[in-house]
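Derivation of every value follows stated rules applied to the coordinates shown; laboratory data play no part. It should be emphasised that the depicted structure is a prediction, and the values quoted were computed from it without experimental measurement. With ideal geometry, Cβ positions are generated from the backbone for all residues, glycine too; neighbour counts draw on all protein chains shown.
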Amino acid sequence: MALLPPLGAATPWLLWFLPLALLPLVLSVTRRNAVSSVSAAPEDPLSSGLRIALTAAGMLAIGGLVLALAGPYRAGERVTRIGIGAQVSMLIDRSGSMNETFAGRQPSGAEESKAAASRRILRDFVGERAHDQFAVTAFSTAPMLVVPMTDRHDAVRAAIAAIDRPGLDYTNVARGLGMALSQFGPSAPGVSRALLLVSDGAAVIDPRIQGQLRAEFAKVRPNLYWLFLRTKGSPSIHDKPAGEDTPQAAPERHLDLFFKSLGVPYRAFEAEGAEAVASAVRQIEALERDPIPYTEERPRRDLTGWAYGLAVLGLLLLVLAKLAEAEIVRLPDRKQAPRAADPAPAPAPTRAAA
Amino acid sequence: MNGGVMTGREGPGLLGALPLGRNLRDRRFQALAASLLLALLAMIVPPLPLTRSGVSVLAVVDITGSMNVRDYALDGRPASRLDLAKAALRTLIPELPCGSRLALALFTERRPFLLFAPIEVCADVAPLSGAIAAVDWRMAWEGDSRISAGLHRAIAMAGELDTDLLFVSDGQETPPLPATGIPPFEGKPGAVRGLILGTGGYGLSPIPKYNDRGRETGFYAETDVQQENRFGPPPADAESREGYNPRNAPFGGTVAKGEEHLSSVREAHLKALAAQTGLAYAHLDGPDGLRGPLLAAATPRPLPGQLDLRPFLGAGALALVLAVFLAGAFRARAIPFTASRTS
């Protein structure tokens with residue numbers, strides 16, 4: 001809890017015990033000595049000074065300990081700085097075919113499925129640069145928001161760790177694109193935004209949704225990267241089908257054409273193996289080198305040690321005072337003399353004993 | 001207290017003039033010195049390393065149609081079972097000990113779909129909370145709700161992730177279970193620990209219906225849903241049904257009637273599933289209160305923690321100093337100043 005803007009206490013209710021620090025104003029740690037008449041003693045500035053010093057030491061000791069128990073700290077701050085990085089919204093295909101190898105088989109032995117390869121490579125991509133922000137969206141039949149835009153790379157890696165689990169049915173890329181675009185949130189000026197689509201196939205985008213997507217892309221204006229994990233033998237995004245050139249016959253080619261028509265910076269990477277995926281990711285990383293404002297959390301500083309230091313100072317004075325106590329009237333009798341003094345051998349009595 | 005006889009050790013100089021022996025024997029001096037020692041220790045001791053217990057949980061949230069039934073209230077407004085389950089999970093996150101981990105999966109059709117592997121609940125609270133808030137029934141990939149199959153696979157998934165399981169569901173199977181009852185559990189009951197969290201009211205409520213654009217268009221009617229599962233062998237009482245014919249109408253000759261279009265929490269079914277798989281069962285009553293049953297059902301996992309010793313040392317030092325000051329006050333009352341006492 002913050003009490004004043006920069007200062008706070010971990011358990012602030014303990015501060016209610018601070019008035020205990022006023023106790024030394026009325027009580028003393030020193031032995032009481034009776035004198036017949038205090039007024040008989042002359043005014044003594046040294047004694048009053050010592051009395052004030054010991055009272056202050058007592059207040060410091062109690063106040064310091066109460067403060068230390070409350071756990072004072074200087075609050076952390078959020079500082080906005082400029083780093084190199086980008087907002088990357090990842091849209092990952094979780095359809096069943098992603099669990100096959102690049103050769104289109106079920107993985108066996110040392111073979112790696114497309115999902116496992118992208119998992120391994122994207123994991124390294126996340127956290128390479130400290131100031132990147134990531135969002136993860138999965139899609140198959142329906143789009144699924146996995147992790148919202150965040151700079152917590154551990155969470156993003158946990159989301160990427162899940163992508164090689166058995167996938168679902170279909171590749172419905174249109175709704176996935178819509179959700180991945182919505183992950184960017186309100187625009188911040190000067191922030192580089194990248195939408196990274198990782199899929200091993202494409203689907204026909206409904207013409208009605210095409211219009212909506214165009215409008216969204218024009219609004220968000222991300223750099224669009226399509227990492228197409230091509231299964232060997234399947235058509236490339238550049239192949240024209242032998243028969244009719246319709247979206248149904250060649251969905252990959254027509255998705256590529258649709259992306260090209262969006263008017264945003266767009267690059268497609270066709271990868272037919274894990275190395276090609278890795279090199280594509282490296283290229284994307286090199287392209288996204290723009291300044292990005294990021295907030296850095298300065299950790300709060302624990303001031304408990306300082307509070308204990310104050311208490312120690314006060315206690316030290318009190319202990320020395322106790323050690324230096326002496327009787328003013330040296331009689332083999334009960335307590336005599338007024339309050340004792342510090343190293344000085346009990347000077348004149350103070351005006352008010354205790 | 002101790003009779004103040006000067007020890008005669010005083011030589012020349014200031015220090016020698018002090019009754020050191022007597023001062024050292026003074027209880028109040030000793031208390032102050034101990035207090036000073038404790039405060040000094042508090043300044044320098046490092047925190048004591050120790051092991052705390054946290055949990056590692058895979059939360060599987062049912063996002064099928066019946067979870068849209070609004071039979072809860074949240075902030076004075078009707079809330080769907082899914083809304084309440086999400087609120088309960090988001091309330092749970094800050095209540096778990098730091099170092100605990102939470103993974104999230106969605107359930108529909110007959111299997112859980114893992115969104116992310118376990119995430120630490122303190123450092124990564126923002127993405128975790130955001131991901132839970134974003135869970136929506138529209139993420140469902142199919143309309144079926146085969147809860148028994150989903151639970152069995154969720155248990156397997158929790159086993160793979162080495163976590164406990166929190167399965168949030170209302171227990172309404174769609175299509176209804178066949179007459180043969182719950183499918184057999186192939187895993188080992190109790191190998192994965194966890195909790196089945198039953199959501200939904202105990203009374204029947206209508207299930208909202210949505211069109212293909214995701215807009216609500218009304219409620220399911222009796223004829224909209226399958227009221228009886230007619231796969232597999234017919235139930236034992238089929239012979240007594242009207243129009244029964246062993247070959248042409250083994251389930252009877254009439255359309256099945258039932259209340260499958262209405263929904264309440266199917267506690268009996270969920271409890272049977274919990275008993276079959278060795279999980280615990282709890283009912284979700286509100287957004288709070290998930291922590292207790294979950295921690296009771298989950299395996300405590302050792303987490304590195306540390307114990308700050310400073311509060312104990314500081315409290316001891318403070319008690320001693322206060323005692324010294326207050327002892328002065330009591331003594332002052334006990335021994336009033338009178339002239340007769342001075343020699």
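Figures for the structure shown
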{"quantity": "Residue-by-residue Karplus 3J(HN,Hα) for segment B:30-37, coefficients 6.51, -1.76, 1.60, Hz, glycine and proline x", "calculated": "4, 5, 5, 5, 4, 4, 4, 4"}
{"quantity": "Rounded Å value of the spacing that divides the Cα centres of segment B:247-321 and segment A:52-113", "calculated": "28 Å"}
{"quantity": "Helical segments meeting 27 Å axial Cα length and Kyte-Doolittle 1.6 threshold in chain A (DSSP H)", "calculated": "A:45-70, A:304-323"}
{"quantity": "Low-density loop positions, GluC sites (Glu not before Pro), segment A:235-316 - DSSP coil, at most 14 other Cβ in 10 Å", "calculated": "A:244"}
{"quantity": "Ranking of A:199, B:169, B:205, A:37 by count of other Cβ atoms within 10 Å, fewest first", "calculated": "A:37, B:205, A:199, B:169"}
{"quantity": "Calculated FRET value between residue B:296 and residue B:95, using beta carbons and R₀ = 22 Å, to 0.05", "calculated": "0.95"}
{"quantity": "MRE, 222 nm, helices only [DSSP H, n ≥ 4, -39500 (n - 2.57), over chain B, to nearest 500]", "calculated": "-10000 deg cm²/dmol"}
{"quantity": "Virtual spin-label span in nm between residue B:142 and residue B:30, 7 Å along Cα→Cβ", "calculated": "8.0 nm"}
{"quantity": "Distance in nm between pseudo-label sites at residue A:52 and residue B:230 (7 Å out along the Cβ direction from Cα)", "calculated": "10.1 nm"}
{"quantity": "Over chain A: helical MRE at 222 nm, DSSP H runs n ≥ 4 each giving -39500 (n - 2.57), nearest 500", "calculated": "-10500 deg cm²/dmol"}
{"quantity": "Student exercise, the protein assembly as shown dipole from Lys, Arg, Asp, Glu Cβ charges, in Debye to nearest 20", "calculated": "3420 debye"}
{"quantity": "FRET E, pair residue A:240, residue B:110, Förster distance 51 Å, beta-carbon r, rounded to 0.05", "calculated": "0.80"}
{"quantity": "Residue B:219-residue B:319 pseudo-label distance in nm [points 7 Å out on the Cα-to-Cβ vector]", "calculated": "6.3 nm"}
{"quantity": "Net lengthening on full extension, residue A:215/residue A:279 (0.36 nm per residue, minus Cα-Cα)", "calculated": "19.9 nm"}
{"quantity": "Anisotropy class of segment B:83-233 from Cα gyration tensor, a/c 1.5 cut", "calculated": "oblate"}
{"quantity": "Charge context of residue B:144, other residues only, Cβ under 14 angstrom, K/R +1, D/E -1", "calculated": "-2"}
{"quantity": "Cα gyration tensor shape of segment A:230-289, rounded if a/c is under 1.5, else prolate or oblate by comparing a/b with b/c", "calculated": "oblate"}
{"quantity": "Estimated vicinal HN-Hα couplings, Hz - segment B:101-112 in sequence order (Karplus 6.51, -1.76, 1.60; Gly, Pro = x)", "calculated": "10, 9, 10, 10, 9, 9, 10, 7, 6, 9, 8, x"}
{"quantity": "Separation of alpha-carbon centers, segment A:193-215 and segment B:140-204, rounded to whole Å", "calculated": "35 Å"}
{"quantity": "For segment B:165-303, size of Cβ-based charge dipole, Lys and Arg +1, Asp and Glu -1, in debye", "calculated": "500 debye"}
{"quantity": "Cα radius of gyration and Dmax for chain B (Å)", "calculated": "34.2, 124"}
{"quantity": "Cβ-defined net charge surrounding residue B:273, 15 Å radius [Lys, Arg +1; Asp, Glu -1]", "calculated": "+1"}
{"quantity": "Efficiency of FRET between residue A:22 and residue A:306 - r from beta-carbon atoms, R0 25 angstrom, step 0.05", "calculated": "0.70"}
{"quantity": "GNM result for chain A, Cα springs below 10 Å: residue of A:65, A:320, A:145 fluctuating most strongly", "calculated": "A:320"}
{"quantity": "Anisotropy class of segment A:154-200 from Cα gyration tensor, a/c 1.5 cut", "calculated": "oblate"}
{"quantity": "Rg(Cα)/(2.2 N^0.38 Å) for the protein assembly as shown, N = residue count", "calculated": "1.42"}
{"quantity": "Residues with amide H under 5 Å from that of residue B:278, placed H, sequence gap 5 or more", "calculated": "B:190"}
{"quantity": "Farthest toward positive dipole pole in the protein assembly as shown [+1 Lys/Arg, -1 Asp/Glu at C-beta], among A:204, B:56, A:173", "calculated": "B:56"}
{"quantity": "Environment charge of residue A:266, counting only residues whose C-beta is closer than 12 Å and scoring Lys/Arg +1, Asp/Glu -1", "calculated": "+2"}
{"quantity": "Net lengthening on full extension, residue B:77/residue B:249 (0.36 nm per residue, minus Cα-Cα)", "calculated": "57.2 nm"}
{"quantity": "Antiparallel content of DSSP bridges confined to the protein assembly as shown, in %, to 5", "calculated": "50 percent"}
{"quantity": "For chain A, built as a Gaussian network whose Cα springs stay under 10 Å, the top-fluctuating residue of A:304, A:137, A:171", "calculated": "A:304"}
{"quantity": "Spatial extent of segment B:141-182: Rg and Dmax, with the Cα atoms as the point set, Å", "calculated": "11.7, 34"}
{"quantity": "Which of B:141, A:13 has the fewest Cβ neighbours within 10 Å, and the rest in rising order", "calculated": "A:13, B:141"}
{"quantity": "Sequence of A:238, B:283 once ranked by neighbouring C-beta atoms within 10 Å, starting from the fewest", "calculated": "A:238, B:283"}
{"quantity": "For segment A:151-240: span of alpha carbons on each principal axis (Å, largest first)", "calculated": "43, 35, 22"}
{"quantity": "Cut-off under 5 Å, modelled amide H: who pairs with residue A:136 long-range", "calculated": "A:90, A:146, A:147"}
{"quantity": "Entries in B:86/B:271; A:232/B:209; B:86/B:209; A:260/B:209 that, when Cα-Cα distance is taken, lie over 32 Å", "calculated": "A:232/B:209; A:260/B:209"}
